[in-house]
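Taking it in order: structure first as structure tokens, then the write-up.
The values are calculated or read from the model by the stated rules, or taken from the named source; none is laboratory data. Please read all numbers here as calculations on a predicted model, not as lab measurements. Using ideal geometry, Cβ is built from the backbone for each residue, glycine included, and neighbour counts are taken over all protein chains shown. These area figures cover heavy atoms from the full protein model, side chains too; ligands, DNA and RNA do not enter into them. Shrake-Rupley method; radii C 1.70, N 1.55, O 1.52, S 1.80 Å.
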Amino acid sequence: QVQLVESGGGLVQPGGSLTLSCAASGFTFRLSAMAWYRQAPGKQRELVATMTRIGTTNYADFVKGRFTISRDNAKNTVYLQMNSLKPADTAVYYCPPWGTDYWGQGTQVTVSS
């Protein structure tokens, strides 16, 4: 079955950086587009970034220039490099295969001084 294990979250000060990782299994990762979503308390889940199987990326306007999605097909892992973090980036981050309804447990990112 599909398994997604997000990691790398934590507490960081405004302006800081974090790199999230997502280890995937149970499907053909190298042929799948991947996405990062986030959900803040009391808010709807929102799309952060996507990456196709050939490496085309797309970002939500609120993270453009600050976040970078990447993937390592040999490791079945997708990453989210997050720079210049803001308190508004505080959320649980998830990495489903794009266009699917598979969700891991997420990883908590808290940006606070």
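Here are some notes:
- Computed over the chain: relative contact order in percent, which uses C-alpha pairs under 8 Å that are six or more apart: 37
- Between Asp72 and Ala40, the modelled labels are 3.1 nm apart [label points 7 Å from Cα along Cα→Cβ].
- Quotient of Cα Rg and 2.2 N^0.38 Å for the chain, N being how many residues it contains: 0.99
- When Trp36, Trp98 are compared by accessible surface with a 1.4 Å probe, the order from highest to lowest is Trp98, Trp36.
- For the chain, the solvent-accessible area of protein heavy atoms averages 53 Å² per residue (probe radius 1.4 Å; ligands and nucleic acids excluded).
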